[in-house]
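Trainee: Take a look at this one; I'll ask things after.
The values are calculated or read from the model by the stated rules, or taken from the named source; none is laboratory data. For clarity, every value in this text was computed on a predicted model and none was experimentally measured. Because the Cβ atoms are built from the backbone with ideal geometry, glycine has one as well, and the counts that use them run over all protein chains shown. For the accessible areas, the whole protein counts, side chains as well, though only heavy atoms, and no ligand, DNA or RNA atoms are used. Shrake-Rupley method; radii C 1.70, N 1.55, O 1.52, S 1.80 Å.
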Amino acid sequence: MKSWIICVLFISFSPILMSQIYEIGFSVGGTNYVGDIGSTRYIQPNQLAGNVFFKYNYNPRIAFKGTYSYLPIKGDDATADTPFRINRNTPAISFSNTIHELALGMEFNFYEYNTSSRTKNWTPYLLIELAAFNYDAIEKEEDLNRNGQIDADEYQYDRKTRIAIPIGVGFKSILSGPIAFALETKIRYTFEDDLDKVAGNNRDLKIEGNSNDWYVFTGVSLIYTFGRPSCYARRN
């Protein structure tokens, strides 16, 4: 009798029970950087990257998400999409960096999302987060050499941790049972101008250095859903 009463309560408050669904998963994809070196296109992955995440589904429309991301980035004026950057130096300026990021945020589903439903098992979504990211920054601007090539073996770096604001869009859908997938692009606005290891205005290198840098991840996720109360699962 006690178990039956508990199950009836679970069924009666099924929208609330949606908040007891958890998700874990990982993403694989590519990163790109937008700043003072290389291409200015916001979605142009050129480095393999990935992340792991945990989500708490508060209700069918809102989920809270925590993510750790490993995000290498690089830029090269030789592959830039503007003549100015391609021609401003010989050889072309290039760099590489590695970002480690921890982010917390909220995911908003356009439609109600329920992994046990046959009609509510997919949705596009929006994502907004606050992230702390760690990366290599060159210690002194004058450490850059004359031809603009930044060589990690020659210069001294300082690991910096700063704040970024990630905003993303995606689409998710059930694959089978508790397994789902998602496609997502997430762009980060930073308050820094040295992800490319160039800061300020260096006239010798003809680097603008007058706007903050961005970095972007685009990838596919595999997701496992768990934590649903058993009597609610039987109802569906």
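Trainee: Going 7 Å from the Cα of Ile167 in the Cα-to-Cβ direction, what parts of the stretch 104-133 have a backbone nitrogen less than 20 Å from that spot?
Mentor: Answer for this model: 104-111, 124-133.
Trainee: Compare the peptides 127-138, 25-36 by average per-residue count of other Cβ atoms within 10 angstrom and give them in order, highest first. All intermediate terms of the calculation are to be shown ahead of the outcome.
Mentor: Numbers: 127-138: 17.9, 25-36: 22.0.
Ranked from most to least packed, the peptides come out as 25-36, 127-138.
Trainee: Let me ask something else. How would Trp122, Trp214 line up by accessible area, probe 1.4 Å, largest first?
Mentor: Working: Trp122 110, Trp214 70 Å².
The residues order as Trp122, Trp214, largest area first.
Trainee: So if each residue of separation counts as 0.36 nm, and I subtract the Cα-Cα distance between Ile128 and Phe108, what length gain in nm does that give?
Mentor: So the chain would gain 6.3 nm between Ile128 and Phe108.
Trainee: Quick one: plug the Kirkwood hydrodynamic radius of the stretch 39-133 (C-alpha pairs) into Stokes-Einstein at 37 °C, 0.692 mPa s, and report D in µm²/s.
Mentor: 202 µm²/s
Trainee: Let's test the formula: R0 of 25 Å, r as the Cβ-Cβ distance of Asn46 and Arg118. What FRET efficiency results, to the nearest 0.05?
Mentor: In this case the efficiency is close to 0.05.
Trainee: Considering only Cα-Cα distances, which of the following residue pairs are longer than 32 Å: Lys120/Lys186; Lys65/Lys197; Lys74/Lys120? Can you show the working numbers first?
Mentor: Values: Lys120/Lys186 24 Å; Lys65/Lys197 30 Å; Lys74/Lys120 40 Å.
As for pairs spanning more than 32 Å Cα to Cα, those are Lys74/Lys120.
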